[in-house]
1. Of all residues in the stretch B:142-162 being facing chain A (nearest Cβ under 10 Å) and of a type in the set (A, V, I, L, M), which is farthest from B:Ile246 (Cα to Cα)?
2. State all residues of the stretch C:173-198 that are touching a Pro at 6+ places or on another chain (Cβ under 8 Å) and among the hydrophobic types (A, V, I, L, M, F, W, C); if no residue qualifies, say none.
3. Tally time: how many residues in the stretch B:73-94 are under 19 Å from B:Val140 (Cβ atoms) and aromatic (Phe, Trp, Tyr)?
4. Go through the stretch B:39-119 and tell me which helices (runs of 4 or more DSSP H), entirely inside it, have 1 or more residues that are of a type in the set (A, V, I, L, M, F, W, C) and more than 9 Å from chain A (Cβ to nearest Cβ).
5. Could you list all residues from the stretch C:264-312 that are among the small types (Gly, Ala, Ser) and at pLDDT 85 or above?
6. Starting from residues that are over 28 Å from A:Ala102 (Cα atoms) and of a type in the set (D, E, K, R), keep the ones in the stretch B:1-38 and report whichever is farthest from the other protein chains (Cβ to nearest Cβ).
7. Out of all the residues in the stretch C:310-334, which are more than 27 Å from the chain's Cα centre (by Cα), farther than 19 Å from C:Ile261 by Cβ and of a type in the set (A, V, I, L, M)?
Amino acid sequence: MSNRLIQNSSNQRDARRARPVPSSLLNWLGVLPFFLFIFLFVFLPSFSLVSGSFQDRQGNFTFQNYLDLFSPSILSAYWVTIRISLASAVGGGILGFFMAYAVTLGGLPKALRNALLTFSGVASNFAGVPLAFAFIATLGRTGMVTVLLKMAGFDLYDRGFSLYSFWGLTLTYLYFQFPLMILIITPALDGLKREWREAAENLGASSWTYWRRVALPILTPSILGAMILLFGNAFGAYATALSLTGGFINLITILIGSQIKGDVLQNTGLGYALAIGMVIVMAGAITIYYFLRRRSERWLRV
Amino acid sequence: MSKRNVLWSWFWMFLGGLYFFLPLLATFEFSLKARKGVYSFLAYERVFADPLFLRTFIFSLEMAVFTALAGILLIFPTVYWIRLKLPQLRGLIEFVSMLPFVVPAIVLVFGLIRVFSGAPFFLTNTFTGTNVLLVAAYVVLTMPYLYRSIDTGLQAIDVRTLTEAAQSLGAGWGTILFRVILPNVRVSILSGSFLAVATVMGEFTIASFLVGIRAFGPYMSLVGQNKTYESSSLAIISFALTWAFIGLIQLLNRGRVQTQIAGAH
Amino acid sequence: MTYLLLSNLSKYYGNTLAVENFNLEVEQGEFVSFLGPSGCGKTTTLRMVAGFEVPDQGKILLEGEDITQLPPNQRMVGMVFQSYALFPNMSVADNVAFGLSVRKMPADQIRQRVSEILKIVQLEELQKRYPYQLSGGQQQRVALARALAIRPRVLLLDEPLSALDAKIRVELRAEIRRIQQELKITTIYVTHDQEEALSLSDRIVVMNKGRIEQIGTPFEIYNYPQTEFVASFIGQLNLIPVQVVDRERGAYRIGEQTIQIEHSQRIPLSDQPKLAIRPEEVKLGKVDGWNQLTAQVRQISFLGAIVRIWLELEGVPLLLDVFNERKLELPKVNEKVTISFPYYACWVL
């Protein structure tokens, strides 16, 4: 918390001193390159997608593309994507939370905490093509774990499991989801002041009561916010799914990808609508995340 | 700390550790099986002998370095300027730096192609043009972490006082920025750069649509479709690379927790 | 029967001594301060009473009951933390009610008790506010109310005012004493601020490096310190090297000048005996029946209510405090003056 105090006072100090300086036009010139860049490479593409989504094949204005989003195949694609994102967000969130708890408040040696954080930094970045290969080598038909289990008498694929399915992909996604959760939630867990626990005990609360009435309520915005982030992360993922399933599972990102390549649908307007639909979902996710973060920061400004 | 609690902690660590390491182990083991019947590094030898490997690796590395440089050149002066002269824009910049999360790679590349492959830019007609577009796209993609690192670094020093001191000694903006401020935020900038480079090296989505198998990510994918053992060894190489970068970052940061949203998926 | 008995408490962290041989008897309704520099063990001892640290040796008896091994949530002692430790996710009323709701008190009784206790700390109107909306002083009052709501047997305060502005600190200090006396609650107060300890306490425990230096009333601690540490830690103290002439009769020598002391036996003599006397006990000019010495004025500082005169006595600095008065006549710098002090107001260490 003291870091935040220093942060705030540094911002205030810089801001306070900066106020007497008039914001002349020259000052705005200094930020011109940045905003120009953003305009060119973020807004232009986005607007172009928006405009494209309202055009039909002849270039006339239409809402049809958005209406087509509600066609059964597209809706099922959305549903699959949402389900995978939810599953990996919740799964990764829970596993990540408990692991983060284990190394912060769980009484494990400090060295383990640093190791876990470093590893999480690596693992959350290890996604896409190599991750897919890694999981094929582990749980594919001739993967190491599959073979080991078969030797122990437990045939995964006979029992209906397949890596190239919904759950297989979810499992693979978890590999970068739960480290991300660890990275996001560890500062929040660190922020649980020891005195809160002591005050609660001092007032007669058991450990469970403390968690139920103080710690979890305080952590909930952070946990939820982190899971929202995880959701968004999975929702926008493309490379992993493509490498693992070859486009077999119809995720929205895969659909958009085939649009760019010019396959199948041949309706670019629809592709743009899909893309914009995705942006809307992500924007919604990040708005909720911001709101939750504001909430918890406000409480913790104490 | 009760014994039972610590036991649970170890349980979760064990579970997580298992999940972390099994895939790596499996991949490594698989990559050693290229020669029938014995463990060998044949797959690795074949990969390193492949001229395409070196070419794509170097290409992606170049793009990564350009991305880091361009990103820093763009973001560092801007964040500095805002801290100094336009503090009211701080919230806006922070919001902007989160935009790449709202526009995931697949959507970004879609829009970029639509805008820049035609008039008036025609960027995709030449290799150079495409590379420029690639670097621009990567700068957008890595913006959240670059911004966060630079902002954190500048947060910790008194930007205004340093600037005023330098000005009173006659320094111009260039000198101030690169000889006074930059050395003091070196660690943050370096760690942000490493993160950017690590991201770009393995990136697939944007690379596959813009440059195809000239980049490392799509190259790995191509190998994976044909040669299973080599793909595993590539996965291990890629992991070792990421580990090296992130390890360097951790070394630089020592204890501060760096979060990154949206890696190279 | 002593209300709260701390018997032979010791606590070590690895090889480092935190507290050793701590013995204290506290009467019901007494206000006792633990006073000492950082690291002297005062907070550790307090936390042992609260149950957050377990002593390696010794016992704690509360109303005759041995609570040494009792977990903190069963002790019925109320603790006020230095950082307030209010639960940020709960309103003021919920914070104060927390201990009561844990005990499953019926809701209307809780409401009544919360109002009652908030009235005592004068924060009734802020019931619905959240901690982040309160000032530091208000938060501390809520923390106090929260600890008092459960009617604890002992109230423990760990440097509760050190995070506050000076002015608020003085106000709140008086409040705390008033409430304590009104409720007649046994209180232990940890602080490094002597003014707080001296002004609030019935008794003070002065600690240093894990051990008790002295236990006494504020008056005793200030005027009859038993160790050199206590003497120099509390208030200002002049220390002037002396030579022994006749210890039995209390005769000593400073340079060529001789002095006479009454309490020569009180403190064991160290290798380098020193005369200890408070600045306010030294007077300018000749006073009959008192020790009289010659010194040279070096500097005069105007501190507001007090004027502090820095003298040099046989090459050693000596501080002299006089109350500021309109018609005060002060000597000039470098002037040689006579100073006097009574034989009963000083001692030799």
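1. B:Val159
2. C:Ile176, C:Ile185, C:Ala197, C:Leu198
3. Selection size over the stretch B:73-94: 1.
4. On the way: elements: B:42-49, B:51-84, B:90-102, B:105-116.
Ranges flagged: B:42-49, B:51-84, B:90-102.
5. Those that are among the small types (Gly, Ala, Ser) and at pLDDT 85 or above: C:Ala276, C:Gly285, C:Gly289, C:Ala295, C:Ser301, C:Gly304, C:Ala305.
6. B:Arg35
7. Answer for the stretch C:310-334, where residues must be more than 27 Å from the chain's Cα centre (by Cα), farther than 19 Å from C:Ile261 by Cβ and of a type in the set (A, V, I, L, M): C:Leu311, C:Leu328, C:Leu330, C:Val333.
Table: residues versus (1) within 30 Å of C:Glu25 (Cα to Cα); (2) acidic (Asp, Glu); (3) loosely packed, with under 14 Cβ neighbours inside 10 Å.
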| site | (1), (2), (3) |
| --- | --- |
| C:Gly216 | yes, no, no |
| C:Ile221 | yes, no, no |
| C:Val230 | yes, no, no |
| C:Val244 | no, no, yes |
| C:Arg249 | no, no, yes |
| C:Tyr252 | no, no, no |
| C:Asp271 | no, yes, yes |
| C:Lys274 | no, no, no |
| C:Leu293 | no, no, no |
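The values are calculated or read from the model by the stated rules, or taken from the named source; none is laboratory data. What you see is a predicted model, and the numbers here were worked out from it, not measured in a lab. We place every Cβ from the backbone using ideal geometry, glycine too, and count neighbours over all the protein chains shown.
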